Amino acid sequence: LAPGPARRMGRHSGGPATALLKATLPCAKYVDNVSAIKACELTAGECGFQVVARTRRSLVLMPGPRRALFSCRAGGLSSPGDGRGITAELVPDTGGDGFSISVATPQAAQGEAFVAMLSSRLKRLSLDAGRQADDMVSQDLHDNSARIQKEAQAYYYCSRVLSNTQHEPGSVAAEFTKAFAEKCSQLSPTAMEQGRPMADCLLAVGNLTRLLERHLNESCRDAGAGDSASSSKAAASLVPYFRGAVERVIFARTGRELWRLYESRHSAEDAQYSQKARRLSSFSSLDLLASLGVPDIFCGVDTFSQAVGIDKSSPKTCASQRTTSTAAETDEALQAGTRSREQHSFAGDAASASCAGSCSSSAGPYSRAAAALSQIEADFNSGRASTPREVVEALLVAQLEMKTCALEASSGQAELSSMDDIMPVFIFVLARSSLRRPFACAKFMWDALTQDQRIDSEGRAVLLLESAARHVAYDWDLGPLETAEGGCEASEIEDLVGLGSDSMQPAC
């Protein structure tokens, strides 16, 4: 901070050095640098100082009116104003996560008054900023709770109106549901692009939302006074949540037929993926991560190996860690996995949702991410008609969970940021999940996105899922994995780390 003036103000030319008063005044973590500098300026004005130099993080202050200041500076180092200035600079707070203001001033009445007043002002500023932060947190929690309550109320209101065929919205909804079911029964999966069933559902959602709003306005106009008027006014506050509620109602009625179309349309691609995923289940997690080129720091092994003194390059060291019981369990599980891989159909897919936990546990440090990804298809298989918005949100949550798992695997030393790191880890998570129809899921979500959403985070998430599934189904060469001679490096470390290959888990 302005080292020249700071040095000059501490001494007179040819005279003894002026004693300096140095103080470090902490700021609360809620106080930003703009507010702190503003506090210095206000305090300077109250103490009779002028700002003569400034940066974003520092100030140089001199006493007296501006004309006296100019004459002081024009007189050079021997001027009467020399030795009476103040410097204030923002510096990191070594005792906390905020910053402090470092003040240097001559030990004079004016300088001491400035330090005392600035300290008092910063304390008040910290208290006010803390209260504002607490208020914002409380307001956010209240807003979130209120939003959830409003969404539930809107869903119940829309369900009640759309279930009553005596009202126009209800009759239109019933007619659409019947017509859509007939269309789906007659529509060939290969003709889906021309039939555009997803577009029909979303168009119906928009139309029914407008009908519900009009129905509500008519109810409010006809209600008059009394309880019915109060109910209509309360329902009017739910209008912003109508579209999401109508979407839930419509997809609850049409979702199963719609999902079956996507399921049939992409059955060949999904069968190819599922067959490859079964083959991948026989390899250890470390083998798969290495085959994908995932950096060691994201594999969650190096830290453990160093901690217990394992020499990963020595087969003897690995072999000495294997117990007889572990070997027996591994052989038994491998036989079970081999029997499972002989089934080349979707016959076992109905059970995939129930065993999602055991499948995802073979994903090692990415078990939570694999379980979250498995939940997408599990909702469809369970008969619960998820809306496109809910499915996309579940995908985003799974990808966020993957990044969190990567942070934990690297002990907080690295994070997934570039696509070169994200893609191979997500491929591994997908292969270790119980998701068996990724192409149908990706197309289901993509068709429901708007043009703006397709170029935003939602579209990128769906494209990542589709690209990862395509790599597993068509591009991943398993030859090197299948022909490699059995070594203990990956399997033995996994036994110790708990990284978990499918040899330790029931095959799904």
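The values are calculated or read from the model by the stated rules, or taken from the named source; none is laboratory data. This is a predicted model, so every value here is computed, not measured. When we count neighbours, we look across all protein chains shown, and the Cβ atoms used for this are built from the backbone with ideal geometry, even at glycine. Keep in mind that these areas ignore ligands, DNA and RNA; they rest on the heavy atoms of the full protein, side chains included. Shrake-Rupley method; radii C 1.70, N 1.55, O 1.52, S 1.80 Å.
Here is how the numbers come out for the structure above:
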read-out	value
Stretch gain in nm, segment Arg460-Glu175, where the contour uses 0.36 nm per residue and the Cα spacing is subtracted	99.0 nm
Estimated FRET transfer efficiency when R0 is 22 angstrom, pair Glu41-Thr94 (beta carbons, to 0.05)	0.30
Cα-Cα over 30 Å, subset of Lys123/Lys150; Lys29/Lys150; Lys183/Lys443; Lys183/Lys276	Lys123/Lys150; Lys29/Lys150; Lys183/Lys276
Distance in nm between pseudo-label sites at Glu408 and Ala108 (7 Å out along the Cβ direction from Cα)	6.1
Order by protection proxy (mean Cβ within 10 Å, highest first), peptides 183-193, 278-288	278-288, 183-193
Probe 1.4 Å - accessible area at Asp143, Å² to nearest ten	70
For Asp93, distant residues with modelled amide H under 5 Å away	Gly98, Phe99, Ser100
Carbon/sulfur fraction of accessible area - the range 408-487, other protein chains in place, 1.4 Å, %	45
Estimated FRET transfer efficiency when R0 is 51 angstrom, pair Ala191-Arg57 (beta carbons, to 0.05)	0.20
Computed lengthening from Arg260 to Ala236, 0.36 nm per intervening residue step minus Cα-Cα distance	5.0 nm
Whole-Hz ³J(HN,Hα) from phi, Karplus 6.51 cos²θ - 1.76 cosθ + 1.60, for the range 447-456, glycine and proline x	5, 8, 7, 7, 4, 5, 5, 5, 9, 10
Chain lengthening between Asp296 and Lys123 when straightened (0.36 nm per residue, less Cα-Cα)	57.5 nm
